[in-house]
Amino acid sequence: MLTLVKLLQSLVKALHSEGTPGQLAAGLALGSILGLTPLVSLHNAVVFALIVMLNVSFAGALLGWAVFVPVGFLLDPFFDHIGHVLLLHTPALKPLWTTMYNMPVVPLTNFNNTVTLGSLVFSLVMFIPFFYLFRWAVARYRATIGERVRQSKWYRAVTASKLYNVYRLFKPE
Amino acid sequence: MSVRIFRWRAIGPLLVFLGVGGVLWWLFADRIARRSAEKIGTAIVGAKVEIQSLHIDLANGDVTIGGLTVASPHEALKNLFQADELVADIDVLPLLEKKVVIDRLAANGLRFGTPRETDGRVPTDPSASVSGRVMNEARDWAQGFQVPALQLATGKIDVGTLDPRKLSAIPAAEALSARADSSRKVWQTGLDSLRLGPTVDSATATLARLKTARATDLGALNEARRAIDQLKQARNRVTTLDRSVTGGMTALRAGVAGLDSAKQRDYAFARGLLKLPTLDAPEIGLALFAPTAVSQFQRALYWTQLAKAHMPPGLQPRADVGPPRRRRSGSTVRFPREQALPGFLLRTAELSFLLDPTAAQPKKYAGRLTGLTSDPAVYGRPTLFEASAPAVTAGAMLDHVHATARDTAGATVQDVKLPPIQLPSLPMTLDPGRGTAQLGFALRGDTIRARWSIRSTHVQWARDSAAPRSTGADLLWRTLSGISDLQVDAGVTGTLSHPRLVVRSNLDEAIAARLRTMLGEEAAGAERRLRAEVDRQVDPAIAPVRARVTTLQTDITKRLADQRARLDQAQKDLEARLRELTRIRVP
């Protein structure tokens, strides 16, 4: 329940932050990579570092991660299939995989796992479409019902919590 | 408004985050590694792998494992081995390639076959784990052997059910009965068609007239001669019928004799229903020791096939089941390459182990393992194991470098406590005591050649008190309990799909001789019972037919004799009167 409340808080604050729709959409899109791919992978450390270091919405990233985790579970069979095709049924890629498998560090990404590779490829391919989709959706939201929500009592209650202070540390500048 | 790309002030928290990660690694790396090692080891072996402590010293490239226990995948309450301490000297750089290369491993205090308190086997899904699949294949292979069972331990022979429909004497008797009836009718008709009554009556009347006739009464004389001719003709017909009856009776008597033959065949058929156990010594060896021998071969096959699964030949990409996690495991594909490092390589292991660890003074030995790798084709050399000591010789070679895998293993252990053997067909247990055990195993592609033998001179026998007592079991017990030497040799040759098992022991002949004695009495009794059953079913059908044929023979013979006697008497009377009339009297 607390997690849901925090997610709601993140959503509300993200949508009404000072960040641009582009920053929020970038955070959501990066968060989708965390959610769609198996979390404990080296590439997700890179994605997390990008979320922290790049001037994107951290709350949006958390929101994207939370939303896309169940989607990842649902799409796992599809990811598995993509991974199988890429790793085992595409001879042209075999030299690439062999090279990567015998390189330092790269094998730590678990790229040679069908689900990991399939989900990573899928999330990277969908990154740009997600980015534009989320940017359009955030802009539409702010232009339509955003101001009314900002004036509501429950919005004030949410933003008044202590968690907001932590959030402000990572809010887009 | 320009938007900056980087959030520089987040570097501080990120560094703190990394620092916290580093501290957590420092705190929990050993625990995480220990659990991972247990999980991976369990998946590989197919039985629980337990580690008491594990310490990683990356700075010096050392990993120390304390209190390693690997349960046996074949026996519930036994460990495959335990080790007091394993110290591995690992290469750190290959870890960046997610490869584990151990330059040297020192294993101290290895003990084999130690007991454990809980079942160490893990239920495995054959479709999801390599060990489960290999275990199933090895089990199926072992179950493919046809092992005969001795059923004489209780001195009983199984008597099959005698189906009257399968007895040949009964339908033969029914057929003969029908033939006898038919013959009786035919012969009765023949007798009736002789019409002897009118002929004899006519002759009698002629004789009466002839008594009053004179010698000059030629009409009467001629009539008498015609009557005699008629009598002769009638007698010829009787003779013809008699011949036919004789032939028919001969056939019927042959039929009766055939009933006896059919009954003998029924006896033979009934004897075939006796499920007599084999008396051949090789078969007895199979029945007694095949389960134990096959169990040894099954284990050797399991380990070699497991090694082949985890150390496959060739350089083709290989897909294994991915790591267990909440998300789908998927498949993890390995891409070995020549002149690269294998995914796992143990260059050298120095093994220090104890044999017979439960003895008062267990003996300490040393062994050496080299070239254990997950990618033999990449490493380019076979895996070798050797251990030798005055009483122990063991060696193994797993050559998966080329396309056709060649696995060989052999071990001879002398003066070691051999485990008791439960003889599956006999109500007794054999405790070989201390003796010599030998196992040789070679698998080249699909061709197997394996040998297992044990020798002991201090055999002890224990009778199964729960087994039912019988005279046969008592005799067998007296025979075997006096034997103190044991020599068992078992071998498997052929292909994995069509293996041939041979088992011989010095007990075979002794048991075979005793069984022959026991069987001689028991089999005779069983045969008597079966013959009585055949008699009970067949005799009611045979006896009436036999009596009917006898009666028919007596009856028809008597009737023919009577008729012939009447004809003879009438002819004799007529001829006598005729001679009397035609005699020339000299005044």
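None of the figures in this text is laboratory data; all of them are computed from the coordinates on show. The shown structure was predicted, so the numbers you read here are calculated from the model rather than taken from an experiment. Heads up, the Cβs are rebuilt from the backbone with ideal geometry, glycines too, and the neighbour counts pull from every protein chain shown.
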Seminar exercise, completed: The answer for B:Ala405, listing residues at least 5 apart or on another chain whose modeled amide H is closer than 5 Å to its amide H, is B:Gly445
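List B:Asp125, B:Asp260 from most exposed to least, where exposure is judged by having the fewest other Cβ atoms within 10 Å.
So the residues, fewest neighbours to most, are B:Asp125, B:Asp260.
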Exercise. Of A:Lys94/B:Lys308; B:Lys99/B:Lys363; B:Lys185/B:Lys211; B:Lys99/B:Lys417; B:Lys39/B:Lys308; B:Lys166/B:Lys558, which sit over 32 Å apart, Cα to Cα?
Worked result: B:Lys99/B:Lys363; B:Lys185/B:Lys211; B:Lys99/B:Lys417; B:Lys166/B:Lys558
Problem set entry | Angle between chain B longest axis and helix B:11-45 axis [Cα atoms, degrees, rounded to 10] | 30 degrees
Problem set entry | Amide proton proximity set for B:Gln460, modelled H, under 5 Å, gap of 5+ | B:Asp431, B:Gly433
Exercise. Okay, helix-only estimate at 222 nm for chain B: each DSSP H run of n ≥ 4 adds -39500 (n - 2.57), divide by all residues, round to 500 deg cm²/dmol; what do you get?
Worked result: -16500 deg cm²/dmol
For this session: Once you have a ≥ b ≥ c as the square roots of the Cα gyration tensor eigenvalues for the protein assembly as shown, tell me rounded if a/c is under 1.5, and otherwise prolate or oblate according to whether a/b is larger than b/c.
Result: prolate
Problem set entry | Fewest-first sequence of A:Thr116, B:Thr304, B:Thr64 by Cβ atoms within 10 Å of each Cβ | B:Thr64, B:Thr304, A:Thr116
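Can you give the longest run of chain B that contains no GluC sites (Glu not before Pro) sitting in a DSSP loop with at most 14 other Cβ atoms inside 10 Å?
Counting only loop sites that pass the neighbour cut-off, the longest clear stretch is B:339-587.
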Exercise. When DSSP beta bridges are limited to those with both residues in chain B, what percentage is antiparallel, rounded to the nearest 5?
Worked result: 90 percent
Seminar exercise, completed: Between B:Arg325 and residues 5 or more places away or on another chain, the pairs with built amide H atoms under 5 Å apart involve none
For this session: Classify the stretch B:385-504 as rounded, prolate or oblate, taking a ≥ b ≥ c as the square roots of the eigenvalues of its Cα gyration tensor: rounded when a/c is under 1.5, otherwise prolate if a/b is larger than b/c and oblate if not.
Result: oblate
Exercise. Which whole-number percentage describes the relative contact order of chain B, with Cα contacts under 8 Å and a sequence gap of 6 or more?
Worked result: 15 percent
Exercise. Residue by residue, what Karplus-based ³J(HN,Hα) values in Hz, rounded to whole numbers, does the stretch B:483-491 have, using 6.51, -1.76 and 1.60 with θ = phi - 60° and x for Gly and Pro?
Worked result: 8, 10, 9, 9, 9, 10, 10, 10, x
Exercise. Rounded, prolate or oblate: which one fits the stretch B:522-587, using the alpha carbon gyration tensor with axes a ≥ b ≥ c (rounded when a/c is under 1.5, else prolate when a/b beats b/c, else oblate)?
Worked result: prolate
Exercise. Once the Cβ-Cβ distance between B:Arg265 and B:Asp415 is put in as r, and R0 is 41 Å, what FRET efficiency do you end up with, to the nearest 0.05?
Worked result: 0.10
Seminar exercise, completed: Measuring from the longest principal axis of the C-alpha atoms of chain B, the long axis of helix B:196-212 (C-alpha) lies at a number of degrees, nearest 10, equal to 20 degrees
Seminar exercise, completed: Once normalised by the length of the stretch B:191-281, the mean sequence separation of its alpha carbon contacts under 8 Å that are 6 or more apart gives a contact order in percent of 28 percent
Exercise. Which angle from 0 to 90°, rounded to the nearest 10, does the C-alpha axis of helix B:130-143 make with the longest principal axis of chain B?
Worked result: 30 degrees
Exercise. Around A:Gly118, what is the net charge, scoring Lys/Arg as +1 and Asp/Glu as -1 over all other residues with Cβ under 12 Å from its Cβ?
Worked result: 0
